[in-house]
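Undergrad: The structure is given below, and queries will be raised subsequently.
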Amino acid sequence: MVGIDIIKIDRIEKFIKKFGKKGLQRFLSENEIEISKNNMKRVAGFWAVKEAISKSLKVGIGREFSFHDVEITKNSKGTPIANLSEKIIENFSVADISISITHDGDYAVAVAIVEIQK
């Protein structure tokens with residue numbers, strides 16, 4: 001299943017300006033906040049990829065899938081990796097997940113491909 005999301009980076013900047021670190025904590029783990037280094041392009045990319053994953057699962061962000069059900073880390077080459085909570089893996093029978101995040105100008109875009117166990 002495939003999900004995609006796009007977000008304007010200044011939307012995230014305005015959100016963080018209004019809510020500060022508490023705003024970041026609403027959708028990022030402490031580890032993600034550290035990885036992002038307050039780089040709004042990265043923060044927007046993390047938001048977009050979490051939305052893309054929720055869309056690939058056909059639920060969106062809400063009761064069945066929250067921003068904190070996935071944590072984005074990076075491998076040794078700096079490639080983003082999505083780590084899903086056990087709850088999500090079990091509830092949706094997730095076998096594997098691949099993500100991609102890109103930035104262009106004022107936007108961050110993310111794609112998620114989720115493979116379901118058969």
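Undergrad: What is the one condition in (1) exposed (fewer than 13 other Cβ atoms within 10 Å of the Cβ); (2) touching a Phe, Trp or Tyr at 6+ places or on another chain (Cβ under 8 Å); (3) within 24 Å of residue 113 (Cβ to Cβ); (4) of a type outside the set (Val, Ile, Thr) that residue 26 does not satisfy?
TA: The number of the failed condition is (3).
Undergrad: Something else: Just give me the residues in region 48-106 being surrounded by fewer than 15 Cβ atoms within 10 Å (Cβ to Cβ), within 17 Å of residue 27 (Cα to Cα) and of a type in the set (A, V, I, L, M, F, W, C), in sequence order.
TA: Correct list: 81 only.
Undergrad: Okay, moving on. In this structure, does residue 56 turn out to be free of Cβ contacts under 8 Å to residues at least 60 places away in the same chain and in contact with a strand residue (DSSP E or B) (Cβ under 7 Å, 6 or more places away or on another chain)? Spell out how you get there, then give the answer.
TA: Working: free of Cβ contacts under 8 Å to residues at least 60 places away in the same chain: yes; in contact with a strand residue (DSSP E or B) (Cβ under 7 Å, 6 or more places away or on another chain): yes.
So residue 56 passes the test.
Undergrad: Please specify each residue of region 16-33 satisfying the condition of being under 20 Å from residue 66 (Cβ atoms) and either free of Cβ contacts under 8 Å to residues at least 40 places away in the same chain or among the hydrophobic types (A, V, I, L, M, F, W, C) (or both).
TA: If the condition is that a residue be under 20 Å from residue 66 (Cβ atoms) and either free of Cβ contacts under 8 Å to residues at least 40 places away in the same chain or among the hydrophobic types (A, V, I, L, M, F, W, C) (or both), then 16, 19, 21, 22, 23, 24, 25, 27, 28, 30, 33 are the ones that fit.
Undergrad: May I ask you to list the residues in region 1-26 that are part of a strand (DSSP E or B) and either touching a Gly at 6+ places or on another chain (Cβ under 9 Å) or under 30 Å from residue 93 (Cβ atoms) (or both)?
TA: 2, 3, 4, 5, 6, 7
Undergrad: Take region 16-35 and flag every residue that is touching a helix residue (DSSP H, G or I) at 6+ places or on another chain (Cβ under 7 Å) and acidic (Asp, Glu).
TA: The answer is 32, and nothing else.
Undergrad: Read through the list (1) in contact with a helix residue (DSSP H, G or I) (Cβ under 6 Å, 6 or more places away or on another chain); (2) without any contact (Cβ under 8 Å) to a residue 60 or more places away in the chain; (3) surrounded by 16 or more Cβ atoms within 10 Å (Cβ to Cβ); (4) not hydroxyl-bearing (Ser, Thr, Tyr), then give the number of the only condition that residue 13 fails.
TA: Failed condition: (3).
Only the coordinates and a few stated rules stand behind these numbers; no lab work does. Please read all numbers here as calculations on a predicted model, not as lab measurements. Positions of Cβ are backbone-derived with ideal geometry, glycine not excepted, and every protein chain shown enters the neighbour counts.
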